[in-house]
Amino acid sequence: MSKLKYALFTGCTAKESTPEQMMSTLAVADKLGIELVELTEASCCGASHLQDYDDFLSLVLNARNIAYAEKHGLTMVTICNTCQLNTAMTKHRLDNNAELKARVNEKLGEVGLEYKGTSQITHFLYAIIDDFGLDKIKEMVVKPLSQFNIAPFYGCHNIRPSELQNETHKTPESSYRPTSLDDLIIACGGTNVDYEEKNKCCGFHAELQSPKTAATLTGNALAGAMDQNADWMVTPCPLCHLKLDTQYHHASVAIGRDVKMPVLHMQQMVGLALGCTPAELGLQHHVSNVDFV
Amino acid sequence: MNNNSITTKDVTFKVFRFNSETDYLPTYKEYKMEVTSEEVVLDILNRIKWDFDGSFSYRRSCRHGICGACAMKVNGKATLACKVNMHEMVELFGNEITLEPSSIKRSVKDFIIDKSDFWEKHAQAKPYLEAEIDETPTMENLVSIEDNDKIEDADLCIQCGACHYSCPAVEINEQFMGPAAFVAAYRFGIDTRDDAQGERLDTVDTPAQGVWDCVKCYECADACPKEINPIDKITKLHNMVFESGKVRKNVASRHAVGFAHSIKKHGLLDEGELVRYSEGNIGVLKHVPVALQMFKKGKIVLPWNMPKSDNLDEIQKLIKSSSTTKF
Ligand code: SF4
Ligand code: SF4
Ligand code: FES
């Protein structure tokens, strides 16, 4: 297989509140021999909020980001579920609406760019599973996570809306019964834990506006995993991670029960199985206790 | 269809049973059946009633996916029983299938639920046209094709409640109007013959009940059997609220606007500044304990270290020329 190469859209959190997301992505890509070209020109995707304020502006900025991936002639890889959704949704809308695409390109033309629609967009989770291959990951595992019960937490924006995600992912998965992250846990030698909240919302996007709703959702997710005897959780989304890792106190108050468990990024889990050190994977940046490593 | 192509599967159904007049808690009864590839979920509900227990209760009417009465859940997946093939569900979930009403906590008798909360919230959206009507019109009240197109598929809502009872915000926040009510608010608010748009936008802009309390989980998009994509209409209502210029200035609206400010300044989002801008200088204080914990772990970037996108001038130029809304 020729070397996999992607244009990396980091999103904002990997540069700020989840530095470990960036560290572990680079460490895992290095182990797997995946080349990542960082899109340093990219802007924030608007995180599903800018579009509420100004939908057209959100489209133009996301189209600009994709245009840079197209310049490299590469598939764009995202490392955040919300970046994935906003970017994939922009691509879908522009590729299916010639008039809208022309309007957006008129703006991009002002800065010498053009959105063509030539680059695919995928999340690093799906790049690993669909392009690199679970079997190959399995072969490369040097430290199987066999002593752990691991709870997958999918995060809404990788699995819903299904229509869009099924068009984007090579292997479609049902938002009601997603399997990608479970499969990855098994490939890393761990035991996947099934629990009701694994495909539910963590509440992140309403944290400021609706703190009680957000904290209750976080609490339910952590409690759901704890009740099925999970040792820790794993998620492909840095926003879910932030919510689950740093907000457990509010979550405990909201659901009237102590909920706290280590939550790892998908890349950190893979990295541990591949033999990266906890420091390389940025485990020192976690707020919840990650002593188990 | 040729009979030879009909296949069967053995399925164990765990079925929610509850009678609010006699039961304190619900139970799940097990029914085993051989299910053919021709049967929809409603056929199974019928067979439970006809072959196992005549007291089993559920709603259905049209059997054509248009009345919305038969909405229920299969392994947690919102389903119109008359529309969904049972074998497809077995392929997705395996041959142990749980059948439940749309909302367990609102069950009156088995799958018959008390939908009054749904209808009250739907009514809040004023799901009808409000207009001064000339009682002796000389011609029809015409709508251009372009204006009619804006209504999109919102007109197709059958009020089945699938989205409403899949919405986690509805489940937690009693005041939240929910996706179907927002679809209705959009449907009539965008209609050029309607005079109550301002009032509707005011309703959906109200904290706790309105669009700002949606957690953006997209459950409603997947739940809707008519593929209406309620969250897409919620986004449009957000846009309409801003475009009307009458948006309430509060933590919710500032949160959306804060992204534009931040992107203009850095290309990227200044996460700390976004919280301060949204909450205000006093409101931000409640986030200090979590922020301190994060700071200790190297998770907070100080203002002077805030990263910036390359070619920031391009981003700024685009924000200037492409912005369509003012705050
Ligand atoms: S996207 Fe919003 S309205 Fe739709 S189900 Fe989720 S919280 Fe409810
Ligand atoms: S929007 Fe769809 S799911 Fe919601 S009530 Fe209407 S038809 Fe049912
Ligand atoms: S019976 Fe009318 S929608 Fe199913």
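Could you check, for region B:123-144, whether at least one of its residues is at negative phi and within 16 Å of ligand 3 (Cβ to nearest atom)? No: region B:123-144 contains no residue that is at negative phi and within 16 Å of ligand 3 (Cβ to nearest atom). Every condition in (1) buried (at least 17 other Cβ atoms within 10 Å of the Cβ); (2) outside any helix (DSSP H, G or I); (3) not aliphatic (A, V, I, L, M) holds for B:Pro137 except the one numbered (1). Every listed requirement among (1) farther than 13 Å from B:Ile158 by Cβ; (2) within 7 Å of ligand 3 (Cβ to nearest atom) is met by B:Ser61 save one, (1).
When residues in region A:1-22 are screened for being within 11 Å of chain B (Cβ to nearest Cβ) and either farther than 20 Å from A:Tyr68 by Cβ or out of contact with any helix residue (DSSP H, G or I) (no Cβ under 6 Å at 6 or more places or on another chain) (or both), 9 of them pass. Selection over region A:45-84 of residues that are in a loop (DSSP other than H, G, I, E, B), closer than 21 Å to B:Arg254 by Cα and either touching a residue at least 60 places away in the same chain (Cβ under 8 Å) or away from chain B (no Cβ under 14 Å) (or both) gives a count of 3. The residues of region A:135-192 that are charged (D, E, K, R), at pLDDT 95 or above and touching a Ser or Thr at 6+ places or on another chain (Cβ under 9 Å) amount to a single one, A:Arg160.
Okay, residues lined up against (1) crowded, with 24+ Cβ neighbours inside 10 Å; (2) on the phi > 0 side of the Ramachandran plot:
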| residue | (1), (2) |
| --- | --- |
| A:Val37 | no, no |
| A:Thr40 | no, no |
| A:Gly46 | yes, yes |
| A:Lys71 | no, no |
| A:Met76 | yes, no |
| A:Ile79 | yes, no |
| A:Thr82 | yes, no |
| A:Thr87 | yes, no |
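Is at least one residue of region B:171-183 in a helix (DSSP H, G or I), within 13 Å of ligand 1 (Cβ to nearest atom) and at the interface with another protein chain (Cβ under 10 Å from one of its Cβ atoms)? Yes, there is a match, as at least one residue in region B:171-183 is in a helix (DSSP H, G or I), within 13 Å of ligand 1 (Cβ to nearest atom) and at the interface with another protein chain (Cβ under 10 Å from one of its Cβ atoms).
Pick from region B:122-166 the residues that are within 14 Å of chain A (Cβ to nearest Cβ) and away from ligand 1 (no atom under 16 Å from the Cβ): which of them is nearest to B:Ile112 (Cα to Cα)? Ranking the candidates gives B:Glu152 first. Please work out which one of (1) more than 12 Å from every other protein chain (Cβ to nearest Cβ); (2) among the aliphatic types (A, V, I, L, M); (3) touching a strand residue (DSSP E or B) at 6+ places or on another chain (Cβ under 7 Å); (4) within 21 Å of A:Gln267 (Cβ to Cβ) is the condition A:Ala42 fails and give its number. It fails just one condition, (1). Taking the listed residues A:Ala273, A:Ala223, the one that is assigned to a helix (DSSP H, G or I), of a type outside the set (Lys, Arg) and buried (at least 24 other Cβ atoms within 10 Å of the Cβ) is A:Ala273, with no other qualifying. Filtered by the rule that a residue be among the acidic types (Asp, Glu), free of Cβ contacts under 8 Å to residues at least 40 places away in the same chain and farther than 22 Å from A:Gln268 by Cα, region A:147-202 gives A:Glu163, A:Glu173, A:Glu196. Residues satisfying the criterion are present in region B:102-109 (criterion: within 18 Å of B:Ser166 (Cα to Cα), within 16 Å of ligand 1 (Cβ to nearest atom) and either buried (at least 19 other Cβ atoms within 10 Å of the Cβ) or of a type in the set (D, E, K, R) (or both)). Anything in region B:101-138 that is out of contact with any strand residue (DSSP E or B) (no Cβ under 6 Å at 6 or more places or on another chain), of a type in the set (A, V, I, L, M) and without any contact (Cβ under 8 Å) to a residue 60 or more places away in the chain? List them, or say none. The answer is B:Ile112, B:Ala123, B:Ile133.
Cβ separations smaller than 7 Å between residues 6+ apart or across chains give the following pairs from region B:257-274 residues that are closer than 17 Å to B:Asp310 by Cα and facing another protein chain (nearest Cβ under 8 Å) to residues that are part of a helix (DSSP H, G or I) and of a type in the set (D, E, K, R): B:Ser262/B:Glu273; B:Leu268/A:Lys15.
All told, B:Ala162 meets the bar of being closer than 29 Å to B:Arg59 by Cβ, at pLDDT 95 or above and within 16 Å of ligand 3 (Cβ to nearest atom). Is it fair to say B:Glu152 is within 16 Å of ligand 3 (Cβ to nearest atom) and on the phi > 0 side of the Ramachandran plot? It is false that B:Glu152 is within 16 Å of ligand 3 (Cβ to nearest atom) and on the phi > 0 side of the Ramachandran plot. Does A:Gly190 fit the bill of being surrounded by 17 or more Cβ atoms within 10 Å (Cβ to Cβ), closer than 13 Å to A:Leu244 by Cα and more than 15 Å from the chain's Cα centre (by Cα)? Spelling it out, it is not the case that A:Gly190 is surrounded by 17 or more Cβ atoms within 10 Å (Cβ to Cβ), closer than 13 Å to A:Leu244 by Cα and more than 15 Å from the chain's Cα centre (by Cα). With respect to being touching a residue at least 12 places away in the same chain (Cβ under 8 Å) and within 30 Å of B:Asp205 (Cβ to Cβ), A:Gly33 falls outside the description.
Given (1) within 14 Å of chain A (Cβ to nearest Cβ); (2) within 16 Å of ligand 3 (Cβ to nearest atom); (3) not aromatic (Phe, Trp, Tyr), where does B:Glu91 come up short, assuming only one miss? Tallying (1) within 14 Å of chain A (Cβ to nearest Cβ); (2) within 16 Å of ligand 3 (Cβ to nearest atom); (3) not aromatic (Phe, Trp, Tyr), B:Glu91 fails exactly one: (2). Taking the numbered list (1) within 21 Å of A:Leu61 (Cα to Cα); (2) surrounded by 24 or more Cβ atoms within 10 Å (Cβ to Cβ); (3) within 16 Å of ligand 2 (Cβ to nearest atom); (4) of a type outside the set (A, V, I, L, M, F, W, C) in turn, B:His238 passes all entries but (3). The set of residues in region A:247-267 that are away from chain B (no Cβ under 14 Å) and within 17 Å of the chain's Cα centre (by Cα) comprises A:Leu264, A:Met266, A:Gln267. Restricting attention to region B:195-219, the residues being surrounded by 22 or more Cβ atoms within 10 Å (Cβ to Cβ) and of a type in the set (Gly, Ala, Ser) number 1.
Picking from residues in region B:209-235 that are more than 9 Å from ligand 1 (Cβ to nearest atom), assigned to a helix (DSSP H, G or I) and closer than 14 Å to B:Gly189 by Cβ, the one that is nearest to the other protein chains (Cβ to nearest Cβ) is B:Thr235.
From the list B:Ser244, B:Ser278, B:Ser253, B:Ser321, the one residue that fits, being within 7 Å of another protein chain (Cβ to nearest Cβ) and surrounded by 14 or more Cβ atoms within 10 Å (Cβ to Cβ), is B:Ser278.
The values are calculated or read from the model by the stated rules, or taken from the named source; none is laboratory data. Model, not experiment: these values are computed from the prediction. Reconstructed Cβ throughout: ideal geometry from the backbone, glycine too, with neighbour counts over all protein chains shown.
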